[in-house]
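Here the structure is laid out as structure tokens; the discussion comes afterwards.
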Amino acid sequence: MEILAFGVQADEKPLIEQAFRDRYAVRCLDVFLNEDTAPIAAGHEVVSSSVNADLGAGVLEILAAGGTRMVAQRSTGFNNIDLTTAERLGMTVARVSYYSPYSVAEFAWALAMAVNRRIVRASTRTRDFDFRLQGLMGRDMHGRTAGVLGTGKIGEAFARIARGFGMRLLGWDIAENPACTELGMRYVPKDRLLAESDLITLHVPLMPETRHLIDAGALKAMRDDAILVNSSRGGLIDTAALVGELRAGRFTGVGLDVYEAEAGLFFLDKSLEAVEDDTLARLVTFPNVLVTSHQAYYTEDAVGQIVDATVQNVVDYRAGRCSENVLVPRS
Ligand SMILES: NC(=O)c1ccc[n+]([C@@H]2O[C@H](COP(=O)([O-])OP(=O)(O)OC[C@H]3O[C@@H](n4cnc5c(N)ncnc54)[C@H](O)[C@@H]3O)[C@@H](O)[C@H]2O)c1
């Protein structure tokens, strides 16, 4: 059996080939799974997809018609997969429910500190032999307040680092995490967290109830000098509303590893094409905004764990076993 893996980055390919060796043949494609590319999967019982794949009803229908029976998604988030349609088509879907939460939490901190201490601007200046400090003043994190929206695995890892900085911790979640309470985190209503935090970081999954969690009202509730970091999913923020607040000169810094219209852009080289997305084009012009292309998970450790878990998901599917990674069980 040959597994067809879509959306494979060049760095990731040797890890995937190594992990599948001695188990199944694997063919890696750099194109992402969507309605145009899905026909390539014809004849493949198992396909593996990545975070920005479009696994809506249309794509799943094409895959099913071509004989695909299992989708092994190489991410934790699965907001891009129409699970109801997969179930109707009798298609097994598995994801990777656990891999290094440190990869994402540490990157969220990298974004927070980069915007706080103006690292990118400082680096650009020194490359130009401009050694002035004007405009580079940041703030100590020690003694300030970190607000963590979503205190699961990644939120907890972020909070531990915040504790290391000596920060006060506020949390918001539908379920309290005792490990966070032990760290000294105080759970408060969302509006209070937004109003009191110097640094706000998002770690809830994207689902209908969390879409635009940070909408125009939430942005208004934030302090003018707050730092906002999103390393979860772009759809958690109403980006047009954020641009409006940034135009008004608000916020010390905004670090975004994800963007609500990132599919079709992130992970690809668009540098020679006309920019069609006016919101993103405006966003990257603000001196206090840093945008990265969904790379928070991208460490050797995390990618290695994702790949190993994906192989195990395929082995389990073939053996008819159901693990915690299975979103739609084998029918
Ligand atoms: N940028 C990246 O590279 C990257 C990588 C991995 C994960 N992520 C994102 O990070 C998210 C969090 O990952 P995790 O491993 O910490 O997940 P997790 O399941 O451990 O934690 C999620 C937390 O969100 C809370 N939550 C769920 N629904 C909620 C709601 N409606 N309101 C308030 N809280 C709610 C849960 O109770 C839980 O505590 C993922 O869903 C994914 O979208 C991003």
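Tell me, what % of the accessible area of the chain is carbon and sulfur with a 1.4 angstrom probe?
Accessible surface attributable to carbon and sulfur in the chain totals 51 percent.
Counting DSSP beta bridges in the chain, what percent are antiparallel, to the nearest 5?
Rounded to the nearest five, the antiparallel share is 5 percent.
Please sort through the DSSP H helices of the chain and keep those with an alpha-carbon extent of at least 20 Å along the long axis and a Kyte-Doolittle average not below -1.0.
Sorted by number, the helices that extend far enough and score high enough are 101-116, 300-319.
With a sphere of radius 15 Å drawn around the Cβ of E61, what net charge do the other residues whose Cβ falls strictly inside it have (Lys, Arg +1; Asp, Glu -1)?
-3
If the chain were replaced by its equivalent ellipsoid, with semi-axes equal to the square roots of 5 times the Cα gyration tensor eigenvalues, what would those be, largest first, whole Å?
Output for the chain: semi-axes of 36, 22, 19 Å.
At most 11 other Cβ atoms within 10 Å plus a DSSP loop assignment makes a site exposed; report the longest stretch of the chain without any exposed trypsin sites (Lys or Arg not before Pro).
The longest uninterrupted stretch comes out as 133-331.
Over the alpha-carbon set of segment 101-291, work out the extent along each principal axis and list the three values in angstrom, largest first.
48, 40, 31
Compute the longest continuous run of the chain that contains no exposed GluC sites (Glu not before Pro); treat a site as exposed when its DSSP state is not H, G, I, E or B and it has at most 11 other Cβ atoms within 10 Å.
1-208
Give a residue-ordered list of calculated ³J(HN,Hα) values for segment 251-265 (Karplus: 6.51 cos²θ - 1.76 cosθ + 1.60, θ = phi - 60°; whole Hz; x for Gly, Pro).
Taking θ as phi minus 60°, the curve returns 6, 5, x, 9, x, 10, 9, 9, 8, 5, 10, 6, 4, x, 10 Hz for segment 251-265.
What ranking of C322, C28, C180 comes out by heavy-atom accessible area, probe 1.4 Å, highest first?
Of C322, C28, C180, the descending order of accessible area is C322, C28, C180.
Ordering D277, D191 from largest to smallest accessible area (1.4 angstrom probe), what's the sequence?
Descending order: D191, D277.
Can you tell me the accessible area per residue over segment 101-291, all protein chains present, probe 1.4 angstrom, in square angstrom?
49
Largest first, how would L183, L63 line up by accessible area (1.4 Å probe)?
L183, L63
With loop defined by DSSP as not H, G, I, E or B, and exposure as at most 11 other Cβ atoms within 10 Å, which is the longest segment of the chain clear of exposed chymotrypsin sites (Phe, Trp or Tyr not before Pro)?
132-331
The values are calculated or read from the model by the stated rules, or taken from the named source; none is laboratory data. These numbers come from a predicted model, not from an experiment. Please note: Cβ atoms are built from the backbone with ideal geometry, for glycine as well, and neighbour counts cover all protein chains shown. With ligands, DNA and RNA removed, areas are computed over all heavy atoms of the protein, side chains included. Shrake-Rupley method; radii C 1.70, N 1.55, O 1.52, S 1.80 Å.
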